[in-house]
Amino acid sequence: MIAWHCLMPLGTGMPDWVLDATVVGMTNTELSERRPGNLLDRRLAVIERVAKGEARMRYNQKLMGEYQRLTARRKNDLIDILFDLLDSTKAILVHKNKLTRQEFDLAKNKCGWPSHDQHLLAAAIGGVDPSIFVTERHHFRCQAKVLRHFRVHLEDLG
């Protein structure tokens, strides 16, 4: 469920969002499958909100590679819009694909964050009220600890 802090406008500027590649991959489908409130609708709404300027995308080269691989054959206009955004000044390319040794130890040992997805946290850390949108339960189970240790919100789109 998307938390209210992401739905309300912020007085200090727009929040920064990181999309797990699974979110992008699962939105690369025919839009005729979209129904109000279904998972596809919720995932597409995140991309639409970024396109409207309600949030900024943060990504790194590892995420970009995953996005490109999962959308090699683009199936809807919103995926094209997402890539246009990523190729503009409206998105932030983070030049960090990995966590520092200390961040990695904290993420893995204190938060239970999966080590193969450290690039998601690396993209979010340092952002403005950052959120990572995920589809997998093991990410979302780390929600409270990731917020406490890294000040990064996790949003469940699974």
Practice problem: Could you check ILE92 against (1) within 21 Å of LEU147 (Cβ to Cβ); (2) part of a helix (DSSP H, G or I) and say which number it fails? | Solution: (2)
Self-check item: ARG137 vs. criteria at pLDDT below 95, surrounded by fewer than 16 Cβ atoms within 10 Å (Cβ to Cβ) and closer than 20 Å to VAL24 by Cβ
Solution: yes
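Every residue, every condition in (1) among the basic types (Lys, Arg); (2) surrounded by fewer than 20 Cβ atoms within 10 Å (Cβ to Cβ), yes or no:
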{"site": "VAL46", "(1), (2)": "no, no"}
{"site": "VAL50", "(1), (2)": "no, no"}
{"site": "GLY53", "(1), (2)": "no, yes"}
{"site": "GLN68", "(1), (2)": "no, yes"}
{"site": "ASP77", "(1), (2)": "no, yes"}
{"site": "ASP84", "(1), (2)": "no, yes"}
{"site": "ASP87", "(1), (2)": "no, yes"}
{"site": "LYS98", "(1), (2)": "yes, yes"}
Exercise. State whether the residues of the range 109-120 include one that is touching a strand residue (DSSP E or B) at 6+ places or on another chain (Cβ under 8 Å), closer than 22 Å to LEU44 by Cα and crowded, with 18+ Cβ neighbours inside 10 Å.
Key: yes
Self-check item: Cβ pairs under 7 Å, 6+ apart, first in the range 132-158 and farther than 17 Å from ALA21 by Cα and among the hydrophobic types (A, V, I, L, M, F, W, C), second surrounded by fewer than 17 Cβ atoms within 10 Å (Cβ to Cβ) and modelled with pLDDT of 95 or more
Solution: CYS142/GLY112
Practice problem: Of the conditions (1) surrounded by fewer than 18 Cβ atoms within 10 Å (Cβ to Cβ); (2) at pLDDT 95 or above; (3) among the acidic types (Asp, Glu), GLU155 clears all except one; give me its number. | Solution: (1)
Quiz prompt | Residue among LYS108, LYS96, LYS62 that is touching a Pro at 6+ places or on another chain (Cβ under 9 Å), modelled with pLDDT of 95 or more and farther than 15 Å from PRO15 by Cα | solution = LYS108
Quiz item: Would you call ARG58 of a type in the set (Lys, Arg), under 15 Å from the mean Cα position of the chain (by Cα) and not in a helix (DSSP H, G or I)?
Solution: yes
Quiz prompt | Conditions (1) surrounded by 13 or more Cβ atoms within 10 Å (Cβ to Cβ); (2) more than 13 Å from the chain's Cα centre (by Cα); (3) closer than 19 Å to LEU157 by Cβ; (4) among the small types (Gly, Ala, Ser): number failed by GLY37 | solution = (1)
Quiz prompt | Candidates LEU40, LEU31 - the one that is under 22 Å from ARG69 (Cα atoms) and in contact with a Lys or Arg (Cβ under 8 Å, 6 or more places away or on another chain) | solution = LEU40
Quiz prompt | Set ASP84, ASP117: member being at pLDDT 95 or above, closer than 30 Å to SER32 by Cα and part of a helix (DSSP H, G or I) | solution = ASP84
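The values are calculated or read from the model by the stated rules, or taken from the named source; none is laboratory data. Keep in mind it's a predicted model, so treat the numbers as computed, not measured. As a convention, Cβ positions derive from the backbone with ideal geometry for all residues, glycine included, and neighbour counts pool all protein chains shown.
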